[in-house]
Structure formats: C-alpha cells, structure tokens
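Reviewing the structure listed below.
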Amino acid sequence: MTKKTAREIKGIISALLVPFDSKGKVNEAGLRQVVRHNIDNMKVAGLYVGGSTGENFLLDMAIKKQIFEIVKDEVKDQVKLIAQVGGPNVYEAIELGKFATDLDYDAISAVTPFYYKFSFAEVKQYYKDITEAVDNDLIIYSIPVLTGINMGMAEFKELFELDNIVGVKFTAADFFLLERLRKAFPDVLIYSGFDEMLYPAAIYHVDGAIGSTYNVNGLRARGILEAVNEGNHEKALKLQNESNDLIEAVLANGLYPTLKRILQLQGANKGEFLSRKPMASMTADQKEEAERIFKNYL
Ligand code: MN9
C-alpha cells in the first residue's frame, strides 16, 4: 500500500544541482542554499534528487544517502520530493528506494538500467524487483540518448501495468510517442524531460516537467505552463524562445558547471560549487562566458 502522494506532483520540478568541494564531498551549506533558491526564488513545485543533473552516477551510495537526507531536512514538506534511485545496480536501487521512502519522499524514480545492453525482459524485471521491494510510487526515468534503452508503446504499456508505477520522466525528442502515450494513458503522470522542448510537451498535456535548467530559469518555465493553460501560445513561444537562448548557450559552455556558476551569481554561493571528477572544472574562459550568459539571458 503506497501513500499515493505522487499523484499530486505536477508543474515545474527542478532536477537538483549539487555543489561539490574540491575533494568531491558535498558542499552542504551550498546545497541547502540551492534548495532554498529553487523553492523561494524559482517557485518550483518539486525537486528531483539524484538525477543526471545531480551527477548521481558519479557518486557512491553513502553520498547519495547524505544528499537525500540534507534535501529532506531543508525542504520538510514545502515542495514535493522525488528520489532517483536507479542505475545498473538493482540491489542499490532497492536500498536507496527504501531509504528515501523512510525519509518520506513523495515518490521514487528509477532510470532504466544502463551500460550492459539489457533486454526489455530484464528492464521489466528490474522495475518489478524495485516496486515489489519498495513501498512507494515509482516514476520511470527514460532517457534513451544516455542509456541506449529505447522503449515504444508496447514496452511502456507493460511497465505501466506494474503495481506502483505511476509515471514517466520522458527525456526524448520523440513527440509522436509522447502524444500516443498521453492519449493512451490519461492517468499516468508524464513529465517532460528536455527543458528546451517544454512548450511543445505542454501542448501535449504533460503533467509537469523535470529538468536541470529550472534551477536557474524556473520562473520562465512556470510561465510557459501557465501560458499554455491560458491558451496564450504567443506568450508561451516567446518564453520558450528566451529560455532556449539561455539553454543553447549553457549547453555550448558545459551544462552542469555553467548552471552552478549561474546559481552562484543568483545568490546561492556558500562554499565551492564544483562538479565531481571526472567532470572537468571550468576554465577562466568558461567562467567568463557563464557570467555573460547570466547577464544576457536571465
Ligand atoms: O533530466 C535533463 N537531462 C540531462 C533532464 O541533464 C541529461 C535536462 O534538463 C537537460 O539538462 C536540459 C538541457 O538539455 O534539457
């Protein structure tokens, strides 16, 4: 029996950025500021913790748990919390899922297992194992460009039939599939995963969006959802155009390091805001470019 609080997770959800120090440890004071910035200034509806954006796949389990704890302690019940627990190690996913559920996270999420070329039968068994062991709602994290796991209608249908699977974070540019999924599964929560495609995803009635750039651009993203709801497509397009000027420049300069530098410029600036190795730190030129991006596009 799950609590089913996941059903209420709608709107803009930041894939939480995590500042690390030069030793690769979590900068706790900085992380708390990033959480506050998301809630107080970006007005997000929720946080997605332990995603690609959190550099999760570069972390050991103790650090993943530490991040889940710090974030919950800072958020309390102010916004919805989703814990991404998946990866190739299903035993770890289960342990993390239980851990986050005990911390009262509203839902867990699990990326399709990656690295080995798993068959769909194996992917399905992975979701069965996690959902049977963890008493919480689960949101599938589908990001074929990074995992190599491509699923179509038939595969999603089988996964949505599993107990406790309530949604999908759909990080793909396949709008045909997105439209078909929305039409076929009106009760499944569908989250847009590519921030640069939020407006078209909103036209297809996604329930919300989970992404990295919302840490710094959450207000415009909210505006896109509101504009589409009001039927004001001119405004939605304008906000997406402005967002994409920002996203294009951020991607060209190095995604996560640039977003972290912008966070500092927006006032979340205690301690170091580095990435975990082997992700490179920014050069002086990249830092300068990040400052230019902040001035021009935010
Ligand atoms: O999960 C994010 N994906 C990755 C969502 O970071 C791999 C997105 O928010 C992208 O960072 C963003 C920029 O391409 O759309």
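Just so you know, all these numbers are worked out from the coordinates, no wet-lab data involved. None of the values given here were measured: they were computed from a predicted structure. Counting neighbours? That spans all protein chains shown, and the Cβs are built from the backbone with ideal geometry, glycine included.
The packing ranking of peptides 179-189, 252-262, 16-26, highest mean first, is 252-262, 16-26, 179-189, where packing means the average number of other beta carbon atoms within 10 angstrom of each residue. Backbone phi angles across the stretch 244-260, fed through the Karplus curve with coefficients 6.51, -1.76 and 1.60 (θ = phi - 60°), yield HN-Hα couplings of 6, 4, 5, 5, 4, 5, 5, 4, 5, 9, x, 4, 5, x, 5, 4, 5 Hz in residue order; Gly and Pro are listed as x.
Report P(r) for the stretch 22-97: all Cα-Cα distances, bin width 5 Å, range 0 to the bin holding the largest distance, values in whole percent. Percent of pairs per bin, in order: 3, 14, 28, 25, 17, 10, 3, 0. Using the average count of surrounding beta-carbon atoms within 10 Å as a protection proxy, the listed peptides 287-293, 199-205 rank, highest first, as 199-205, 287-293. In this structure the amide hydrogen of LEU189, modeled in the peptide plane, comes within under 5 Å of the amide hydrogens of GLY167, VAL168, none closer than 5 places in sequence on its chain. Per-residue 3J(HN,Hα) values for the stretch 39-49, derived from phi via the Karplus relation 6.51 cos²θ - 1.76 cosθ + 1.60 with θ = phi - 60°, read 6, 7, 9, 8, 6, 6, 8, x, 10, 10, 9 Hz in sequence order (x marks Gly and Pro). Helix content alone sets the calculated 222 nm mean residue ellipticity of the chain: runs of n ≥ 4 DSSP H residues at -39500 (n - 2.57) each, divided across all residues, give -14500 deg cm²/dmol. The stretch 161-185 and the stretch 74-126 have Cα centres separated by 18 Å. With N as its number of residues, the stretch 188-286 has a Cα radius of gyration that, divided by 2.2 N^0.38 Å, comes to 1.19. Maximal additional length on extending the ASP174-ASN41 stretch stands at 44.7 nm, based on 0.36 nm per residue less the C-alpha distance.
For the stretch 105-200, the alpha-carbon radius of gyration amounts to 1.02 times the rule-of-thumb value 2.2 N^0.38 Å expected for a compact globular protein. Each label point was placed 7 Å from the Cα along the Cα-to-Cβ direction; for LYS25 and LEU162 their separation is 3.7 nm. Dividing the convex hull volume of the alpha-carbon atoms in the stretch 231-298 by its residue count gives 102 Å³ per residue. Over the Cα atoms of the chain, the radius of gyration divided by the Kirkwood radius equals 0.94; this is the Rg/Rh ratio.
From the largest down, the stretch 78-139 spans 39, 19, 15 angstrom on the principal axes of its Cα atoms. In terms of its Cα atoms, the stretch 219-261 spans 35, 14, 9 Å along the principal axes, sorted from long to short.
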